[in-house]
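J.: Would you mind keeping the following structure in view while I ask a few things?
The values are calculated or read from the model by the stated rules, or taken from the named source; none is laboratory data. Fair warning: this is a prediction, and the values are worked out from it, not measured in the lab. Quick reminder, even Gly has a Cβ in these numbers, built from the backbone with ideal geometry, and neighbours come from all protein chains shown.
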Amino acid sequence: MTRTLVSGGTLVSTTGATPTDVLIEGETVTALLAPGTGEEFSVDTRIDATGCYVLPGGVDVHTHMQMPFGGTEASDTFATGTRAAAFGGTTTIVDFAVQRTGEVVEESLAAWHAKAEGNCAIDYGFHVILGGVDEDSLKAMDSLVAHEGISSFKLFMAYPGVFHSDDGQILRAMQRATDNGATIMMHAENGTAIDVLVQQALAAGNTDPVFHGLTRPAALEGEAVNRAIALAEVAGDTPLYVVHVSSSPALDRIASARSEGRNVFAETCPQYLYLTLEDHLGAGGPGSFEGAKYACSTPLRSKHEPHARDLWKGLRTDDLAVVSTDHCPFCFNDQKQLGRGDFSRIPNGLGLVEHRMDLVHQGVVDGNLSLQRWVETCSTTPARMFGMYPRKGTVAPGSDADIVIYDPAATTTISAQTHHMNLDHSAFEGVTLQGRVRTVLSRGRTVVDRGTWSGREGHGRYVRRGLSQYLR
Ligand code: URP
Ligand code: ZN
Ligand code: ZN
Ligand code: ZN
């Protein structure tokens, strides 16, 4: 068995940052050693981490690789998307297998396995999007939890006619989840009301990308979060995880449910921490289509309101437990063009799987978050929240040797010219961040070192997940 010693670095965990050497045997961490004491072991490879942080590989629990959506398909395949993730220090993704209305859940899942198997550079798990809640899909939930390693299901209060579930369907799925232990993930936006605003905007000739945001007001995110929390309460305090929280009204309702001791959890994504409706979705001003690059749902919020500041606060207080990316890339030069002249036809989504660790680390540099909380929100909690801990999300004896060696003194400049995602633009083009991923190990194998790829398609394995370990 190959032995690797990572020495000289500072191990960052949820509880501290301590100079520690890490011994890896095969695919597994086998010992944490006092600095320098690893010298007595005969090892095959020594990795010098002097001056660097050593942290558990990032866990991104919200990606959409090659998902059919918005009349096209997300541009990253499992091969390109997982490779890009690894370059950015993420070593596990949980992607959404999609059951479209009318499809058999088990068949949809098998199709998703077929897309991913043999193609992933890092380990991967699946949630399932239920596009149709009925007797069959409810039954399928039980067997997926029991036999397939899938313990979380996403429902949509948005996108009528596509993924939308009505309140009755949501309640039934929640009741089922209360019984089988699964977590319900919710896209919380009032899609029916949004559709009215969209039609009114288009009828008034307001077709620019910025109207994508203006027709999805924060109040309708707050309303939907509130309704989801109430439905989960009625269903027996179902574990509820609100995805891509973007606004203060949504966060307020999550915080108040949590203060009452409810099983309510939430994530945000880097775009909501840094980008705004005016400067990005409204880029170029009236008549410009530039903002299409930034069309995602929930949408970017106004810089004149305290959304981003509140989201950083939520990350500190744990009302927001996780940062994921909602990685759903669409190229500007072809795919996003579908929405020219009609913002409602812009394929929704941003490509960010490569930049999450760096963007949240910048929050540490800026004083918005502690170093420990960076590791917690980007690696440890997502692993615990979705039943993968302690195999993932920690550097400890027995855990998978998914490790990032991170140089806080170096910098990263983001550009479509240099990123590894299959995407012709970047939402953070030209932005320079403090900190840089130096080396990435996936189950003991070096996949990235100083910008050089040594990973392999098919190295990544399917992770069978257990129930959430984050519940009270
Ligand atoms: O704009 C987004 N978020 N696209 C992906 C689908 C979703 O709603 O998560
Ligand atoms: Zn969503
Ligand atoms: Zn999503
Ligand atoms: Zn393209």
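J.: So the check is Cβ under 9 Å with 6+ separation or different chains; which pairs have a first residue in segment 186-204 that's farther than 24 Å from GLN169 by Cα and among the β-branched types (Val, Ile, Thr) and a second one that's away from ligand 3 (no atom under 16 Å from the Cβ) and part of a helix (DSSP H, G or I)?
T.: Once the first residue is farther than 24 Å from GLN169 by Cα and among the β-branched types (Val, Ile, Thr) and sits in segment 186-204, its partners that are away from ligand 3 (no atom under 16 Å from the Cβ) and part of a helix (DSSP H, G or I) give VAL198/PHE211; VAL198/PHE343; VAL198/SER344.
J.: Could I ask something else about it? Report yes if some residue within segment 229-245 is small (Gly, Ala, Ser), crowded, with 23+ Cβ neighbours inside 10 Å and within 16 Å of ligand 2 (Cβ to nearest atom); otherwise report no.
T.: Step one: list which residues in segment 229-245 are small (Gly, Ala, Ser), which gives 230, 232, 235-236.
Checking the rest, the ones that are also crowded, with 23+ Cβ neighbours inside 10 Å come to 232.
From what's left, within 16 Å of ligand 2 (Cβ to nearest atom): none.
Checked segment 229-245: no residue is small (Gly, Ala, Ser), crowded, with 23+ Cβ neighbours inside 10 Å and within 16 Å of ligand 2 (Cβ to nearest atom).
J.: Moving on. Hey, among ALA266, ALA292, which residue is touching a Phe, Trp or Tyr at 6+ places or on another chain (Cβ under 9 Å) and within 16 Å of ligand 3 (Cβ to nearest atom)?
T.: The unique qualifying residue is ALA266.
J.: Could you give me the residue pairs with C-beta distances under 6 Å whose first residue belongs to segment 132-156 and is on the phi > 0 side of the Ramachandran plot, whose second residue is away from ligand 2 (no atom under 16 Å from the Cβ) and modelled with pLDDT of 95 or more wherever it lies, and which are 6+ apart or on separate chains?
T.: GLY149/ARG464; GLY149/ARG465
J.: Which ones in segment 295-314 are buried (at least 24 other Cβ atoms within 10 Å of the Cβ) and more than 16 Å from ligand 3 (Cβ to nearest atom)? Don't jump to the end; show me each part of the working.
T.: Initially, segment 295-314 is screened for residues buried (at least 24 other Cβ atoms within 10 Å of the Cβ), giving 295-296, 298-301, 307, 311.
Within segment 295-314, ARG301, HIS307, LEU311 meet the criteria.
J.: Here's something else I'd like to know. Tally the residues that are crowded, with 19+ Cβ neighbours inside 10 Å and either small (Gly, Ala, Ser) or touching a helix residue (DSSP H, G or I) at 6+ places or on another chain (Cβ under 6 Å) (or both), restricting the search to segment 434-471.
T.: 10
J.: Out of everything in segment 156-215 that is of a type in the set (D, E, K, R) and over 13 Å from LEU130 (Cβ atoms), what residue ends up being farthest from ligand 3 (Cβ to nearest atom)?
T.: Initial filter on segment 156-215 (of a type in the set (D, E, K, R)): 166-167, 172, 176, 179, 189, 195, 208.
Filter once more, so that each one left must be over 13 Å from LEU130 (Cβ atoms): 167, 179, 189, 195, 208.
Details: ASP167: 21, ASP179: 26, GLU189: 12, ASP195: 19, ASP208: 24 Å.
Checked segment 156-215; the qualifying residue farthest from ligand 3 (Cβ to nearest atom) is ASP179.
J.: Then there's this: Take LEU371 and tell me if it is of a type in the set (A, V, I, L, M), in contact with a helix residue (DSSP H, G or I) (Cβ under 8 Å, 6 or more places away or on another chain) and within 16 Å of ligand 2 (Cβ to nearest atom). Give the steps one after another, and end with the answer.
T.: Values: of a type in the set (A, V, I, L, M): yes; in contact with a helix residue (DSSP H, G or I) (Cβ under 8 Å, 6 or more places away or on another chain): yes; within 16 Å of ligand 2 (Cβ to nearest atom): no.
When the stated conditions are applied, LEU371 does not pass them.
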